[in-house]
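A short reminder: the numbers here are calculations on the coordinates, not readings from a lab. Just so we're clear, the structure is a prediction, and the values are computed from it rather than from any experiment. As a convention, Cβ positions derive from the backbone with ideal geometry for all residues, glycine included, and neighbour counts pool all protein chains shown.
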Amino acid sequence: MKKSQILDLVKILESHDIGEIEVSRWGQKIRITKNLSGNAQNVVHVKESLLSNKPPHFVELAGIAEEHKPAPNEENDGGTEIKSPIVGTYYQSPAPDAEPYVKAGDRIAIGQPLCIIEAMKIMNVIESEVSGKLVKILANNAQAVEYNQTLFLIDPAG
Amino acid sequence: MIEKILIANRGEIALRIIRACKELGIPTVAVYSTADSLSLHVRFADEAVCIGPANSQSSYLKQSQIISAAEVTNADAIHPGYGFLAENPDFAQMCLDNEIVFIGPSASVIKRMGDKAEARATMKKAGVPVIPGSEDVIADVKTARKAATAIGYPVILKAVAGGGGRGMRIVREESQLEEAFSTAREEARTAFGNSSMYMEKLIEKARHIEVQIMGDNFGNIAFLGERECSIQRRHQKLIEESPSPAVTEDLREKFGKIAIRAAKAVNYSSAGTVEFLMDKHRNIYFMEMNTRIQVEHPVTEMVTGFDLLKEQINIANGLKLPRWLRKFRLRGHSIECRINAEDPYKNFLPSPGKITAFHAPGGPGTRMDTHVYAGYEIPSNYDSLLGKLITHGKDREEAIARMERALDETIIEGVATSIPFHKAIIKDPAFRAGDFHIDFLKDFKF
């Protein structure tokens with residue numbers, strides 16, 4: 001959407017007694033909201049997809065039959081990668097107001113729950129397949145994740 | 001109105017669906033396995049979600065992953081393409097249960113016509129002529145023997161859940177029956193997860209003629225002409241054309257009436273194909289109905305000037321079929337060659353690998369529907385279709401001349417392709433005369 005078009009929408013919002021405009025065209029959507037207290041503060045929300053186009057995964061095409069699990073956890077300079085086995089929404093805690101399952105620096109045991117991935121209204125608890133120190137968490141709470149997406153880095157030597 | 005479409009497929013048909021969506025201004029979501037991360041449909045879609053490893057069972061056939069991908073991207077419709085989940089009634093139902101529009105007929109229609117034995121019974125009841133065959137599923141060799149004697153040899157055993165030419169065995173005499181029955185069952189079990197069989201009379205030297213129909217959600221059915229698909233190798237179509245050189249105006253009218261009757265009998269909606277066999281006496285027999293968009297849909301698009309994929313989306317959006325469709329005329333002639341990554345000089349051995357050079361043909365009346373490009377690595381996990389080369393001309397002669405030219409212009413290097421085989425068929429005098437039937441390639445000298 002062009003800048004001039006966005007400014008036009010903002011002008012319409014400011015000069016009329018409306019709180020919100022949403023315009024959708026050719027797959028792009030833009031929503032402009034006026035601050036409810038009446039200030040001329042305009043917050044522009046551009047509706048984006050939850051997943052950005054990710055760079056392709058370079059996976060070797062072997063003739064070997066693959067299992068249902070993601071590619072074997074690779075060594076990374078940070079540690080072993082724990083990847084998502086399913087498409088869904090990543091949640092860091094068992095419930096919205098609960099403490100996250102893990103945080104960076106934690107010692108992780110095999111079988112320890114790391115996160116929840118919600119798919120089709122089912123909460124799937126993802127358990128760690130390795131033990132070690134949790135180096136980094138690579139997903140954000142309520143983020144959409146895809147198959148084979150790296151979620152955690154665990155250093156088995158840590 | 002549908003706001004975003006997820007394409008539950010891959011390869012050339014995924015690209016075809018994306019093209020229709022783009023023209024309608026609808027954003028697209030591609031799903032892909034790890035083997036397809038560099039595929040064209042992933043690049044052309046607005047968004048892409050990796051749904052599993054290379055093997056289809058864990059990716060393109062994994063219903064939960066696909067629905068999940070639709071959820072996280074807020075896609076409100078899914079186009080299943082052909083193959084994979086396109087004719088899976090459970091998947092169509094799952095879409096419905098998750099408030100996702102399934103672009104195709106309803107789950108119950110898919111189920112009804114997907115069971116080939118039940119489809120025959122439904123058609124018979126609707127007064128559609130069917131190939132003489134077994135009334136029920138054949139449970140064992142004893143029943144098979146009885147049925148074959150009643151129908152009269154030669155017979156053909158077919159899988160109830162079958163498609164794509166698999167799970168079929170021809171039986172010419174009783175001594176062959178037992179072995180044919182058990183191997184066919186085994187093939188059906190592995191390919192479709194269902195070993196149930198039925199039996200039909202084998203109509204020899206028949207022509208495979210199918211009719212394209214399109215139904216909206218208001219009970220209107222349009223007849224979009226027939227396609228001749230007799231050029232088959234091991235029950236796999238290699239060359240298709242529209243109209244059929246063997247169908248006269250009168251016959252066409254007959255085909256149209258029967259196909260519409262068949263579609264209305266099951267309250268059909270969206271795109272569908274009614275397949276017939278026509279024997280040498282020009283008797284028409286219902287064989288099966290395919291409740292999906294088909295590989296060879298382009299030849300119908302070329303002779304009707306009608307975009308079948310866009311129409312499927314329009315119908316899913318609740319629009320009625322355009323009025324002009326009720327009185328269309330077939331315009332000219334169109335031929336399609338299915339180009340596979342197979343080596344015709346080595347008994348059609350599959351030839352996966354990297355495409356090192358690629359050049360698509362051009363010029364008047366030439367269309368290439370393909371997902372391959374120079375540098376593309378063909379995965380070994382899926383079918384060998386590289387692309388479809390389609391030509392159109394003012395008559396059959398011109399369509400053939402254009403196909404010959406276009407095949408010569410096409411460059412695909414790095415892998416073996418079926419192009420030399422197509423060239424040989426296009427040059428064949430019997431093919432040029434339109435004088436062939438479904439066993440044509442069996443006796444074809446290459």
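Summary table below
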| item | result |
| --- | --- |
| For the stretch B:5-103, the fraction of alpha-carbon pairs in successive 10 Å shells from zero, as % | 18, 57, 25, 0 |
| The stretch B:156-199-the stretch B:42-78 distance, computed between alpha-carbon centres (Å) | 33 |
| Relative contact order [Cα under 8 Å, 6+ residues apart], chain B, whole percent | 14 |
| Dipole of the protein assembly as shown, positive end: most advanced residue of B:Met123, B:Leu157, B:Met168 [Cβ charges, Cα centre] | B:Met123 |
| Net dipole in debye of the stretch B:207-443 [+1 Lys, Arg Cβ; -1 Asp, Glu Cβ; about Cα centre; nearest 20] | 680 |
| Chain B, dipole about Cα centre (Lys/Arg Cβ +1, Asp/Glu Cβ -1), debye to the nearest 20 | 940 |
| Pairwise centroid distance, computed over Cα atoms, of the stretch B:263-340 with the stretch A:80-158, Å | 48 |
| Nearest-0.05 FRET efficiency for B:Arg432 and B:Arg329, computed from C-beta distance (R0 22 Å) | 0.35 |
| Three-way shape label, chain B, alpha-carbon gyration tensor, a/c 1.5 | rounded |
| The stretch B:207-443: C-alpha gyration tensor shape, a/c 1.5 cut-off, then a/b vs b/c | prolate |
| Charge dipole (debye, nearest 20) of the stretch B:321-412; +1 at Cβ of Lys and Arg, -1 at Cβ of Asp and Glu | 740 |
| The stretch A:94-158: trypsin sites (Lys or Arg not before Pro) in DSSP loop, at most 10 other beta carbons within 10 Å | A:Lys103, A:Lys121 |
| B:Lys124-B:Lys394 pseudo-label distance in nm [points 7 Å out on the Cα-to-Cβ vector] | 4.9 |
| Ascending count of other beta-carbon atoms within 10 Å, so fewest first, for B:Leu319, B:Leu389, B:Leu85, B:Leu61 | B:Leu319, B:Leu61, B:Leu85, B:Leu389 |
| Centre separation in Å (Cα based) which lies between the stretch B:355-394 and the stretch B:96-138 | 33 |
| Kirkwood Rh in Å, taken over all unlike Cα pairs in the stretch A:75-155 | 12.5 |
| The protein assembly as shown - Rg (one decimal) and Dmax (whole number), Cα, Å | 27.0, 90 |
| Flagged links, alpha-carbon separation over 21 Å, of A:Lys11/A:Lys34; A:Lys121/B:Lys22; B:Lys310/B:Lys388; A:Lys103/A:Lys133 | A:Lys121/B:Lys22 |
| Filtered trypsin sites (Lys or Arg not before Pro), the stretch B:385-443: DSSP coil and at most 12 other beta carbons within 10 Å | B:Lys394 |
| Positive-pole candidate from B:Ile390, B:Cys50, B:Tyr32, dipole of the protein assembly as shown, charges at beta carbon | B:Ile390 |
| Global form of the stretch B:62-170, assessed from the alpha-carbon gyration tensor, a/c cut-off 1.5 | prolate |
| Net charge, B:Ala184 excluded, C-beta distance under 15 Å - Lys, Arg +1, Asp, Glu -1 | +3 |
| Chain B, helix-only ellipticity at 222 nm - DSSP H runs n ≥ 4, -39,500 (n - 2.57), divided by all residues, nearest 500 | -10000 deg cm²/dmol |
| Cα-based radius of gyration of the stretch B:326-401 once divided by 2.2 N^0.38 Å, which approximates compact folds | 1.36 |
| Label point distance in nm, B:Glu249-B:Asp279, each placed 7 Å from Cα along Cα→Cβ | 2.9 |
